Structures are given as structure tokens and as C-alpha cells.
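Bear in mind that the values in this text are calculations on the coordinates, not laboratory data. Note that the structure is a prediction, hence the values are computed from the model and not measured. Methodologically, a virtual Cβ is constructed for each residue, glycine included, from the backbone with ideal geometry; neighbour enumeration extends over all protein chains shown.
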Amino acid sequence: MLLTRECDYGIRIIRALSCGTKKNIDVISDEEHIPQKYAYKIIKKMVRAGLVSSMRGRIGGYNLNKPLTEFNLYDIVVAIGDDRYIKDCLKPDFVCPFRENPDNMCTVHGEIASVQDIIMVALCKKTMAEILNPKEDTNVTKK
């Protein structure tokens, strides 16, 4: 798992919406320097994941669907659909050609899994409130 450009754009969309006011794609794209076609595609994924809510119509736009204190970078990665694994062999359905027997992974697998664990912990460590407002009260609901 590398944080892809799409994931970076997703994080920027959350940052644009973190002020608590409804914004449309034009405003989000301009503020965060995201091409509109990507912003629209990504925000649809975030709506499906429940991070963002949308309102249609002439005065429509997007808002955060939950407080910044209730989600983290990992949740954004999952919403975007980026692969959470740094190597395919960590996926549950992967068949390793280097397995010593069907019950054991190859000798390198344990080390790669340790690195994966470190990344997962880091992505979950702080809420988006802590990341976007490090000196503010993180109990404030942005909606």
C-alpha cells in the first residue's frame, strides 16, 4: 500500500470540508487544487463510505457526515478503495508459491507483515481532528 494520488485527493477533500460549511465540487477543487473530474469521482466514494454527505440541487453541495473526531487516515484509505496491503502476499486469498507447506508462509512473510502492522497503526493513530487541528479542541463537531 502506497498512498496513491487518489487517496491524497481524498484527504484534501476532507480538509476542504473540515471548516463545517457545505461546499460544491467547484469550490473544493479550487481550494485544494484537485482536478474536478477526480474530485467528483473521489467524493462519490466518500459519500458511499459515509464520510461525506451530499445534497443535490442548485444550492447543493457536500458536508462531512461525521465529526472529524470519529475517523482517521485509515478510514479515508478504505473509503477510496486503495489497497490496504503493502504486498499482495498479505492478502487473505493470496497463494504464496514459496510456502514451505500449506500451513506456513514463506520466511519473508513475517517481516513484511510486521511492516504492514506498523503502517496500519500509524494510519489509525490520530483522528482527522487531531491531524487538521492539532492545537484546537478536538471535541468540536464539524458538520
**Prompt:** Given R₀ = 41 Å, FRET efficiency for GLU31-GLU111 by Cβ-Cβ distance, to 0.05?
**Reply:** 0.50
**Asked** Taking the highest mean first, how do the peptides 34-44, 85-95 order by number of other beta carbon atoms within 10 angstrom per residue?
**Response** 34-44, 85-95
**Prompt:** Which of the lysines could a cross-linker bridge to LYS125, judged by Cα under 25 Å and excluding same-chain residues fewer than eight apart?
**Reply:** LYS45, LYS66, LYS87, LYS91, LYS135, LYS142, LYS143
**Request:** Answer with a single label: of [x] 14.4, 43; [y] 15.0, 50; [z] 18.1, 61, which was calculated as Rg and Dmax of the Cα atoms in Å from the structure in view?
**Result:** [z]
**Prompt:** About the Cα centre of the stretch 1-71, what is the dipole size in debye to 20, counting +1 per Lys and Arg Cβ and -1 per Asp and Glu Cβ, all else neutral?
**Reply:** 320 debye
**Prompt:** Relative contact order of the chain: what whole-number percent is it, with Cα pairs under 8 angstrom and at least 6 residues apart?
**Reply:** 29 percent
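If I take R0 = 25 Å and measure r between the Cβ atoms of VAL95 and ILE118 in this structure, what FRET efficiency does the formula 1/(1 + (r/R0)^6) give, to the nearest 0.05?
About 0.50, to the nearest 0.05.
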**Fill in**
For the chain, the dipole about the Cα centre with charges only on Cβ (Lys and Arg +1, Asp and Glu -1), to the nearest 20 debye, works out at 840 debye
**Request:** Quick one: which residues, 5 or more positions from ASN65 or on another chain, have an amide H under 5 Å from its amide H? H modelled 1.01 Å from N in the peptide plane, none for Pro or chain starts.
**Result:** VAL52, SER53
